[in-house]
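Quick notes on the structure that follows.
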Amino acid sequence: MRWATRAGVHIDRAACAWLIRRFIDPDAAFVFVDDPAAVPTEATPFDMRGVELGHQGGDCSFETILRRYDLTDPVLWQLAEIVHEADLEDERFDAPEARGLDVVLRGLSMTLPDEEILNLTGPLFDGLYEYHRRATLLGRPPA
Amino acid sequence: MIGYPTTSAPGQWVLLCYRLPREPSTPRIAVWRKLKRLGVAQLGDGLVALPADARTREHLEWVADEVTEAGGTASVWLALPASRRQERDLAHQMATARAAEYAAIAAHAAAADDAPSSLGLLRRLRAEFARVTRRDFFPPTERGAARAALDDLATETRAEVAT
């Protein structure tokens, strides 16, 4: 399936792409567009203005996708708090990782094209997921 | 005293033009808080501006969506000030607002002597400093003074913990 999002990937789009590939569509292919009108007809748009899988009622797109696809895994909701804070900075959640992650992603967006950022951040989110999975099981930081 | 833009040509700005119904007031207040948090310059009634970059543009676009969701109208524009003077005035307005916020942080840090726990205060003020820095596009000298006051407070706190 094809998925489309805005070019100039940052935290929310990188996290959404990882989420889509890992939990919704393993064969996902991503298209980056500069204008909402440029989304190919067969592609599902996300994290763009005025689309279903965008910011909704104070949620970031990552949270919207979790809701839309009924993903109830508590570890994913833990990651959602980090993504939300890194993206919206509204202090709805206490997610101290968010600031560092935001800086890393902003830096990458200055040095790499979007496809490469997704290739790089995939394993990064795998690691974040595993860390929080173990933390959830243990009830404390796993390392 | 203020880090004015010194380049010869004015830079690009992103503008949000919006109108929200007077009632209900909750979305109005939510939008106003968000804009305040972003450190926008007020150009007029329902017209705000930020220096354009990937982050500021994105944030204003999401605010625009929020306005539309709440039954209002909004549009986002990329604009160039017609003169450097105009841009300097805007930068001055924004730097003055940040300067007051930094001064408040420095004052709180300096008055920390009678606080029961300066560690908690230090954490709070550092978080506030980070928030102000995030919306500080034309750093005033007060930023350095606030930084120094926080460093002093950190030194005192370490000494306190050691004794």
**Report entry** Extreme residue, positive dipole direction of chain A, given options A:Leu138, A:Phe30, A:Pro45 (C-beta unit charges)
**Finding:** A:Leu138
Query raised in the report: Using unit Cβ charges (K, R positive; D, E negative) and no other charged atoms, how large, in debye to the nearest 20, is the dipole of chain A about its Cα centre?
Result: 300 debye
Query - Estimated FRET transfer efficiency (B:Asp89, B:Asp53; beta-carbon r; R0 25 Å; 0.05) - result: 0.75
**Report entry** Residue of B:Glu61, B:Glu87, B:Glu23 that the Gaussian network model of chain B assigns the largest fluctuation, springs spanning Cα pairs under 10 Å
**Finding:** B:Glu23
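Charges only on Cβ, +1 for Lys and Arg, -1 for Asp and Glu: so what's the dipole of the protein assembly as shown about the Cα centre, in debye to the nearest 20?
Working: 36 positive and 46 negative charges, 134 e Å.
Magnitude of the dipole: close to 640 debye.
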**Report entry** Distance in nm between pseudo-label sites at A:Leu124 and B:Leu43 (7 Å out along the Cβ direction from Cα)
**Finding:** 3.3 nm
Query raised in the report: Rounded to the nearest 500, what is the protein assembly as shown's calculated 222 nm mean residue ellipticity when only DSSP H runs of at least 4 contribute -39500 (n - 2.57) each, over all residues?
Result: -18000 deg cm²/dmol
Report summary line: Out of A:Ala29, A:Ala37, A:Ala80, a Gaussian network model of chain A with alpha-carbon springs under 10 Å gives the largest mean-square fluctuation to A:Ala37
Report task. Per residue of B:59-71, count partner chain C-beta atoms within 10 Å of its C-beta, then hand back the mean as an integer. Result -> 3
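Classify the protein assembly as shown as rounded, prolate or oblate, taking a ≥ b ≥ c as the square roots of the eigenvalues of its Cα gyration tensor: rounded when a/c is under 1.5, otherwise prolate if a/b is larger than b/c and oblate if not.
Values: a/c = 1.85, a/b = 1.17, b/c = 1.58.
The shape class here is oblate.
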Requested in this report: Please give the residues of segment B:41-64, grouped as numeric ranges, whose backbone N is less than 14 Å from a label point set 7 Å along the Cα-to-Cβ vector of B:Leu78.
Outcome: B:51-58, B:61
Query raised in the report: Comparing B:Ala41, B:Ala70, B:Ala95, which has the greatest mean-square fluctuation in the GNM of chain B with Cα pairs linked when under 10 Å apart?
Result: B:Ala70
Query raised in the report: What percent does the relative contact order of segment B:19-97 come to when contacts are Cα pairs within less than 8 Å and at least six residues apart?
Result: 34 percent
Query - Magnitude of the charge dipole, segment B:53-122, Cβ model with Lys/Arg +1 and Asp/Glu -1, debye to 20 - result: 420 debye
Query raised in the report: Any idea what angle helix B:25-38 forms with the longest principal axis of chain B, computed on alpha-carbon atoms, 0 to 90 degrees, nearest 10?
Result: 60 degrees
Requested in this report: May I ask for the distance between the Cα centers of segment A:86-143 and segment B:16-67, given as a whole number of Å?
Outcome: 27 Å
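Computed from the coordinates by the stated procedures, all read-outs in this text should not be read as laboratory data. Computed from a predicted structure; not experimentally measured. We place every Cβ from the backbone using ideal geometry, glycine too, and count neighbours over all the protein chains shown.
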